[in-house]
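Asker: Structure in structure tokens, see below.
The values are calculated or read from the model by the stated rules, or taken from the named source; none is laboratory data. Predicted model only: the values in this text are computed from it and were never measured. When we count neighbours, we look across all protein chains shown, and the Cβ atoms used for this are built from the backbone with ideal geometry, even at glycine. Note: areas computed on protein heavy atoms with side chains; ligands, DNA, RNA excluded. Shrake-Rupley method; radii C 1.70, N 1.55, O 1.52, S 1.80 Å.
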Amino acid sequence: MPRIIGIVGMDPSSALEANKAGPEVELLALNESHLFLQRPAARWFQLHSRVDGVFKTERRGKEQEHESFLRSCPCPVYMLEQDPIITTRVRYPMEEMLEEFGHYFTSTMAYMVALAIYEGCDEMRIYGIALDHGIEFVEQKAGMEYFLGIARGKGIRVILPAQSPL
């Protein structure tokens, strides 16, 4: 049976499509996607460090709700800096990723895609990732496209939303 990974971002253009993914799709979600994700993710990614005691979120005013989720998250939470409050924390294997791919990690989504490639998958579905405006376009899009290109080069089928600028 093919291994299918769904990478879940937070762009409203297609993020809700992740809720329609079948049980065969292993979802990797990030940051405060728990605010809309209606099915369990297999793994969570919180790569941002605390600032002034809290994890900064894209949805201002949701920091406490986000931390509460992370504290009770039933799946592994990948982190660069190990936070002892997050009991299901897992160290992101940065050294292995750098050795395999070099340093082009420009966003959490790039880290997620790199790990999926490294671990091996047959298909990758992208939900809620546009990177088409502001700082995302300037700083993050190129890294995401770099890793999607590596995935395709390794024979991984990559499925993007119809409206995706990637």
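Asker: Name the residue, out of Glu63, Glu67, that is in contact (Cβ under 8 Å) with a residue 12 or more places away in the chain, open to solvent by less than 40 Å² (accessible area, probe 1.4 Å) and more than 23 Å from Glu119 (Cβ to Cβ).
Answerer: Checking each option against the conditions leaves just Glu67.
Asker: If we keep just the residues of segment 24-43 that are part of a loop (DSSP other than H, G, I, E, B) and at pLDDT 95 or above, which is most open to solvent (accessible area, probe 1.4 Å)?
Answerer: Glu24
Asker: Hey, another quick one. I'd like the full set of residues that are aromatic (Phe, Trp, Tyr) and in a loop (DSSP other than H, G, I, E, B), limited to segment 61-115.
Answerer: Of everything in segment 61-115, those that are aromatic (Phe, Trp, Tyr) and in a loop (DSSP other than H, G, I, E, B) turn out to be Tyr92, Tyr104, Phe105.
Asker: Next question, about the same structure. Based on what the data block shows, is Cys73 touching a residue at least 60 places away in the same chain (Cβ under 8 Å), of a type in the set (A, V, I, L, M, F, W, C) and within 25 Å of Gln38 (Cα to Cα)?
Answerer: The answer is no for Cys73.
Asker: All but one of (1) open to solvent by 40 Å² or more (accessible area, probe 1.4 Å); (2) out of contact with any helix residue (DSSP H, G or I) (no Cβ under 6 Å at 6 or more places or on another chain); (3) at pLDDT 90 or above hold for Glu123; which doesn't?
Answerer: Going through (1) open to solvent by 40 Å² or more (accessible area, probe 1.4 Å); (2) out of contact with any helix residue (DSSP H, G or I) (no Cβ under 6 Å at 6 or more places or on another chain); (3) at pLDDT 90 or above one by one, Glu123 breaks only (1).
Asker: Which one is modelled with the highest pLDDT among residues in segment 126-161 that are in a helix (DSSP H, G or I) and open to solvent by 80 Å² or more (accessible area, probe 1.4 Å)?
Answerer: Arg152
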